[in-house]
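Taken together, the values in this text are just the output of simple stated rules run on the coordinates, not laboratory data. A quick note: this is a predicted structure, and the numbers were derived from the prediction, not measured. Positions of Cβ are backbone-derived with ideal geometry, glycine not excepted, and every protein chain shown enters the neighbour counts.
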Amino acid sequence: MERKKEDPYAEAKLMHTALLEKGFDMGSRGQIKWQRDELHER
C-alpha cells in the first residue's frame with residue numbers, strides 16, 4: 001500500500017510554526033541594551 005503524501009503547504013507550515021515556537025538565539029541573552037528611540041532616530 002502506498003503512503004499518502006501530505007500537502008506540501010501544510011507540511012511547510014508545520015515546520016515553520018515549530019521554528020517560530022522554538023525561537024532563535026540572537027546572542028542578546030535576554031538583555032535589551034537599546035531603547036526604542038535609538039532604533040528610530042532621524
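For 39, 19, what's the fewest-to-most ordering of other Cβ within 10 Å of each Cβ? Kindly include the intermediate steps, with their values, before the conclusion.
Details: 39 7, 19 10.
Ascending Cβ contact count within 10 Å gives the list 39, 19.
Given the DSSP H assignment, sum -39500 (n - 2.57) over each helix run of at least 4 residues in the chain and divide by its residue total; what's the result at 222 nm in deg cm²/dmol, nearest 500?
-13000 deg cm²/dmol
Counting other Cβ atoms within 10 Å, keep those with at most 14, restrict to DSSP loop, and tell me which GluC sites (Glu not before Pro) in the stretch 11-42 are left. Write out the running numbers ahead of the final one.
Values: sites: 11, 21, 38, 41; in loops: 41.
Passing sites in the stretch 11-42 are 41.
Once a ≥ b ≥ c are taken as the square roots of the eigenvalues of the Cα gyration tensor of the chain, is the result rounded (a/c under 1.5), prolate (a/b larger than b/c) or oblate (a/b not larger than b/c)?
Prolate shape, in that a/c is at least 1.5 and a/b is the bigger ratio.
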